[in-house]
1. Of all the residues that make up segment 41-65, how many are more than 23 Å from residue 5 (Cβ to Cβ) and without any contact (Cβ under 8 Å) to a residue 40 or more places away in the chain?
2. In segment 7-25, what count of residues is obtained for those that are touching a strand residue (DSSP E or B) at 6+ places or on another chain (Cβ under 7 Å), part of a loop (DSSP other than H, G, I, E, B) and either in contact (Cβ under 8 Å) with a residue 24 or more places away in the chain or buried (at least 16 other Cβ atoms within 10 Å of the Cβ) (or both)?
3. I'd like the residue in segment 28-40 that is outside any loop (DSSP other than H, G, I, E, B) and in contact (Cβ under 8 Å) with a residue 12 or more places away in the chain and, out of all such residues, is farthest from residue 5 (Cα to Cα).
4. Considering segment 21-45 alone, what residues qualify as being closer than 15 Å to residue 72 by Cα and either modelled with pLDDT under 95 or among the polar types (S, T, N, Q) (or both)?
5. Would a scan of segment 74-82 turn up a residue that is open to solvent by 40 Å² or more (accessible area, probe 1.4 Å) and touching a strand residue (DSSP E or B) at 6+ places or on another chain (Cβ under 9 Å)?
Amino acid sequence: MSKTIADAIRSRETFYVTCGHPMCNHSTQLDLQALGARLGLDHGAMHNDLVKVFRCDRCKQAGRDQRPAFFTCIPDYGRFDRERMGTKG
């Protein structure tokens, strides 16, 4: 079973998308709520699910060839502490 956008939101993960072009490397944080509204909350949230959807506007404007984007997923590390301590929040 693949992780979905809804799973990532529920887990309070933070996603960044970064342009794969070596002359650019532009990176931005994804708004998972907006992405879920656009693609559907059941859409996959793994690299192979998302790479087809993203292209770099900066590279397009600069006339560079499009390279695949890559993604960074940062877990909600505070959740692990809260679970360990038995607190909510």
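The values are calculated or read from the model by the stated rules, or taken from the named source; none is laboratory data. Computed from a predicted structure; not experimentally measured. Cβ atoms come from the backbone with ideal geometry, glycine included; neighbour counts cover every protein chain shown. With ligands, DNA and RNA removed, areas are computed over all heavy atoms of the protein, side chains included. Shrake-Rupley method; radii C 1.70, N 1.55, O 1.52, S 1.80 Å.
1. Of segment 41-65, the ones more than 23 Å from residue 5 (Cβ to Cβ) are 58-65.
If we keep only those that are without any contact (Cβ under 8 Å) to a residue 40 or more places away in the chain as well, we get 58, 60-63.
Number satisfying all stated conditions: 5.
2. Going through segment 7-25, the residues touching a strand residue (DSSP E or B) at 6+ places or on another chain (Cβ under 7 Å) turn out to be 8, 13-18, 20, 25.
Next, from what is left, pick out any that are part of a loop (DSSP other than H, G, I, E, B): 13, 20, 25.
Within this subset, residues satisfying the condition of being either in contact (Cβ under 8 Å) with a residue 24 or more places away in the chain or buried (at least 16 other Cβ atoms within 10 Å of the Cβ) (or both) are 13, 20.
Here the count works out to 2.
3. Initially, segment 28-40 is screened for residues outside any loop (DSSP other than H, G, I, E, B), giving 28-29, 32-39.
Those still in the list that are in contact (Cβ under 8 Å) with a residue 12 or more places away in the chain too: 28-29, 32-33, 35-36, 39.
Numbers: 28: 17, 29: 14, 32: 7, 33: 8, 35: 8, 36: 6, 39: 9 Å.
Applying the filter and picking the extreme gives 28.
4. Across segment 21-45, the qualifying residues are 25, 27, 28, 29.
5. Our first condition is that a residue be open to solvent by 40 Å² or more (accessible area, probe 1.4 Å); within segment 74-82, this holds for 74-75, 77, 79-82.
Then keep just the ones that are touching a strand residue (DSSP E or B) at 6+ places or on another chain (Cβ under 9 Å); that gives 74-75.
The answer is yes; a qualifying residue exists.
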